[in-house]
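These notes concern the structure reproduced below.
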Amino acid sequence: MRRRTVLAHSAAALGGSALLGTGSTMAAAQPGGGTRTTETLLPGTKYASAVVTIDAPNDGPTAVVVGGMHGDEPSGYRAASDVASWAFDAGKLVVLPKANQPAIERGTRHNDNGDLNRKFPTGREVETKLARAIWQLVEETDPDVVLDLHSSKGVYRTHESFVGQAIFPTVVDPAPTYAQAAVDTANDTVVPWYLPYHRYERGNLLDGSSPLLVHKVAGDLDLPGYIVESTKFVLDPSTAARWTSLVAETLLANHGILRHDGRVEPTGGDRNT
């Protein structure tokens with residue numbers, strides 16, 4: 001298990017950058033103990049976005065959860081906002097629910113600098129101000145696992161070029177095993193029998209070969225990570241968000257980060273990885 005670290009709140013602790021604003025910091029006690037703190041990523045800019053840190057009452061692994069990389073994928077950022085509202089029994093979560101505020105406000109995939117989730121090349125500096133801030137947030141958090149929540153217009157392996165209803169793990173163990181466990185849990189608990197094409201699948205492995213956030217998590221940090229994709233195809237955004245939340249909860253539980261009064265039990269085996 002990676003040592004838990006406290007997210008640095010000062011510009012000096014972040015190498016002199018104004019990554020997080022402290023003027024609007026808010027902290028609150030959580031059900032079952034622990035605290036929730038809300039800060040702002042890139043305060044005072046058009047990219048300003050809330051960062052929620054949930055410190056559970058007991059030590060455990062640390063996770064980063066990101067949503068809203070693409071502004072036209074509402075179930076992803078709705079699910080991440082849901083995760084940010086939860087309490088946990090152990091561990092620490094740093095949640096960036098709406099990573100790409102300009103694109104979310106416009107309802108578009110891209111912001112003014114193009115596709116945010118194509119700005120994270122492995123082995124090289126990330127390519128835009130917002131991408132650099134997100135990557136620095138990940139590095140400073142020192143996580144054990146990273147989740148990136150998305151949605152897609154179609155269904156993986158059914159509609160060409162679309163990837164909905166799939167969980168894409170990094171090549172780093174135990175991510176492939178935990179992804180399959182989350183697939184099984186979702187299919188057994190939330191996907192109804194009359195939507196057979198909406199059953200989740202485990203997608204291809206992410207190894208750092210593409211400039212996506214979770215690819216970089218694999219290639220540069222050698223960490224377990226996941227892209228979670230739920231579809232928009234004949235599925236309303238609230239249902240897709242609820243399914244995505246269930247997948248996120250399952251993945252976090254299997255990594256030893258248990259939601260307080262949660263819906264799922266860990267099923268992925270050894271959670272001390």
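Once C-alpha pairs closer than 8 Å and six or more residues apart are averaged by separation and normalised to the residue number of the stretch 79-131, the relative contact order reads 21 percent. In order along the stretch 192-202, the phi-based Karplus estimate (6.51 cos²θ - 1.76 cosθ + 1.60, θ = phi - 60°) of 3J(HN,Hα) comes to x, 4, 7, 10, x, 6, 9, 5, 6, 10, 7 Hz; Gly and Pro are listed as x. Within the stretch 31-254, all pairs of alpha-carbon atoms sorted by distance into 5 Å bins from zero give the percentages 1, 8, 15, 21, 22, 17, 11, 4, 1, 0. The loop-placed trypsin sites (Lys or Arg not before Pro) in the stretch 214-267, going by DSSP, include none that has at most 10 neighbouring Cβ atoms within 10 Å of its Cβ.
Every number here is computed from the coordinates shown, using simple stated rules; none is lab data. Just so you know, these numbers come straight off a predicted model, no measurement behind them. Virtual Cβ from ideal backbone geometry, glycine too; neighbours counted across all protein chains shown.
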